[in-house]
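The values are calculated or read from the model by the stated rules, or taken from the named source; none is laboratory data. Remember, it's a predicted structure, so these values are computed and weren't measured experimentally. Cβ sites come from the backbone with ideal geometry, for glycine too, and all protein chains shown count toward neighbours. Side chains included, ligands, DNA and RNA excluded: accessible areas come from the protein's heavy atoms. Shrake-Rupley method; radii C 1.70, N 1.55, O 1.52, S 1.80 Å.
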Amino acid sequence: MAMIFVTHDLGVVVEVSRKLAVMYAGRMVESGSVHDIVRNPRHPYTEGLLHSTVHEVEKGQRLTPIRGSPPNLAALPPGCSFSPRCRYAATGCNVICPRPVTLETHGAYEHVTRCHYPDRGGSATAMSS
Ligand code: SF4
C-alpha cells in the first residue's frame with residue numbers, strides 16, 4: 001500500500017515519508033529520497049520551502065519566505081517557471097525550460113531536479129529546448 005501526502009510543510013514530510021516530490025507550477029521540480037533532498041536540496045524552490053518551515057526553528061526566530069508570488073498557471077513565464085522568483089536565475093533560465101536531470105542514485109531513489117544550475121554558481125547543466 002502507498003499513500004500520497006500533499007503539503008507545503010517539508011517538516012511534516014520528513015516525519016511521514018521516505019520519498020519526496022516537489023511540485024512547482026504544475027511540474028515536478030525535484031524528487032528523491034527525503035534524506036537526500038532535505039540534506040542537499042538541488043532546486044531553489046525546495047531550498048525556499050526548507051527555509052519556510054517552522055520545524056527545528058527557535059521560537060521567535062523569523063522565517064525566510066520565498067519572494068514573489070506563484071505564476072498564473074494559464075500564462076506561465078517562458079523558460080523556468082520559477083525564474084521570476086529565483087535568486088540564482090542566470091543565463092538561459094528565462095528562455096529554456098529545464099529538463100529533469102538525475103544527479104545521483106541512492107538505493108531505489110534517484111535524486112532528480114529540473115534546474116539549469118543545481119550547483120548554484122557552478123556551470124549550467126546541459127540546456128536543450
Ligand atoms: S533553472 Fe534557473 S531560474 Fe530555474 S530554478 Fe534553476 S537557477 Fe533558478
Legend entry - Looking only at region 36-57, and only at residues there that are open to solvent by 80 Å² or more (accessible area, probe 1.4 Å) and touching a residue at least 24 places away in the same chain (Cβ under 8 Å), the one that is nearest to P70 (Cα to Cα): V54
Inset, instruction - Working only within region 1-35, note down all residues that are in a strand (DSSP E or B) and on the phi > 0 side of the Ramachandran plot. - result: G32
Inset, instruction - Pull up region 69-103, narrow it to residues that are touching a strand residue (DSSP E or B) at 6+ places or on another chain (Cβ under 7 Å) and within 11 Å of the ligand (Cβ to nearest atom), then point me to the one that is farthest from Y24 (Cα to Cα). - result: V101
Legend entry - Only listed residue being modelled with pLDDT of 85 or more and surrounded by fewer than 11 Cβ atoms within 10 Å (Cβ to Cβ), chosen from A74, A126: A74
Legend entry - Residue list for region 3-33, restricted to those being over 28 Å from L76 (Cβ atoms) and either touching a His at 6+ places or on another chain (Cβ under 7 Å) or among the hydrophobic types (A, V, I, L, M, F, W, C) (or both): M3, G11, V14, V16, S33
Legend entry - Residue among L63, L50 that is modelled with pLDDT under 95 and part of a loop (DSSP other than H, G, I, E, B): L63
Inset, instruction - Quick one: S83 ticks every box in (1) over 24 Å from A2 (Cα atoms); (2) open to solvent by 80 Å² or more (accessible area, probe 1.4 Å); (3) of a type outside the set (A, V, I, L, M, F, W, C) except a single one, so which number is it? - result: (2)
Inset, instruction - Would you please name the residue that is farthest from G107 (Cα to Cα), looking only at residues in region 17-35 that are of a type in the set (A, V, I, L, M, F, W, C) and in contact (Cβ under 8 Å) with a residue 12 or more places away in the chain? - result: A25
